[in-house]
Amino acid sequence: MLIPKFPITCPSCEGPLHVSQLSCPSCSTKVSGDFPLPVLLRLTQEEQNFILQFFLFSGSLKEMASQMGISYPTVRNRLDDLINKIKQLQSQE
Amino acid sequence: MKKTLLNPFEKYNEAQLLTFGVIALVLCAYLGYFFEIRFDNILHLSTAKNITFLQSLLENAVNLLCVFVFLYPLGLIINKKTRFIDILNTVVVARSLCCLMVLCTRAFDMAGINETIINNSTNPYDIQFTPVQLAIILILAFLLIGILIWHIALLYNGFKTATNLKSVRDKILFAVAILLADILSMILIPLLN
């Protein structure tokens, strides 16, 4: 089954998207408002996957590097870049 | 393939890179001894007579250390998490290209060309190379320049991977470090003899 990609930026002006409506699939209740996306959801799919992998490997960059088939400093650099990006997103809130 | 040749540091782990680098270093030293080539500084070769394997190995080691001594502290300044082994691998893997330089230098018969230059050393304008000699000089020049560019690219990519290099200032400092390493090797290598 094809899982649609979760959009995080506007396809028209590339600005950040907000959640304006949430619905319950079992009782069809709809909740409307203006909810900014949580920081983690404002990352790209690849970045979210990276964080998930980091978590699943209990924070071991060495194991991650070994499983991903890349070198330890490359994994560390990606983590550092991601940390900087998240700090920037947090400071914008 | 292109990525592996220009930036093996992203793909291979430190043990693999170090093993390759050390083998290449020893091979380089042996080729220098066998083909009578000296490694005057980090980016230069010259011919030599009666060079021993130990001398050749020592010259390679000194050249390697000269680069390391500047790149490692710079790496720590740029990124506190820079590891010793990553900078060492950068230097050792980049140095492996000297093997290619030695082989290229000896692949062509330079004896006739050297003789022409020596015989006309008093007046360079009298030097007349044959078309074959000119072709050899051009091919060798392109090959060696290509290998030199590859060497610098490996040093840069390895350093970038080890330190997560980003700013222009840090890139300029990298270039300055290489130049200083070259100067240091030019001072230290003659002291070995």
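List of remarks:
- Members of region B:3-52 that are of a type in the set (Asp, Glu) and away from every other protein chain (no Cβ under 12 Å): B:36, B:40
- Residue, modelled with the lowest pLDDT, within region B:97-133, restricted to residues that are of a type in the set (A, V, I, L, M, F, W, C), surrounded by 15 or more Cβ atoms within 10 Å (Cβ to Cβ) and in a helix (DSSP H, G or I): B:113
- Residue in region B:55-62 that is among the hydroxyl-bearing types (Ser, Thr, Tyr), surrounded by 22 or more Cβ atoms within 10 Å (Cβ to Cβ) and in a helix (DSSP H, G or I) present: yes
- Within region A:60-71, tally of residues that are within 13 Å of residue B:10 (Cα to Cα) and more than 19 Å from the chain's Cα centre (by Cα): 5
- Unique residue being of a type outside the set (Asp, Glu), over 16 Å from residue B:72 (Cα atoms), surrounded by 17 or more Cβ atoms within 10 Å (Cβ to Cβ) and at pLDDT below 95 when the list is B:189, B:183: B:189
- Scanning region B:82-111 for residues that are closer than 16 Å to residue B:9 by Cα and either in contact with a strand residue (DSSP E or B) (Cβ under 6 Å, 6 or more places away or on another chain) or within 14 Å of chain A (Cβ to nearest Cβ) (or both) gives B:82, B:83, B:84, B:85, B:86, B:87, B:88, B:89, B:90, B:93.
- From A:73, A:25, residue being part of a helix (DSSP H, G or I) and without any contact (Cβ under 8 Å) to a residue 24 or more places away in the chain: A:73
- Candidates A:44, A:74, A:9 - the one that is under 20 Å from the mean Cα position of the chain (by Cα) and within 14 Å of another protein chain (Cβ to nearest Cβ): A:74
- Put simply, of A:71, A:20 the only residue that is at pLDDT below 90 and hydroxyl-bearing (Ser, Thr, Tyr) is A:20.
- The residues on offer are B:27, B:5, and the sole one that is surrounded by fewer than 17 Cβ atoms within 10 Å (Cβ to Cβ) and closer than 29 Å to residue B:114 by Cβ is B:27.
The values are calculated or read from the model by the stated rules, or taken from the named source; none is laboratory data. On a predicted model such as this, the values are computed, not experimentally measured, just so you know. Note: ideal-geometry Cβ built from the backbone for every residue, glycine included; neighbour counts use all protein chains shown.
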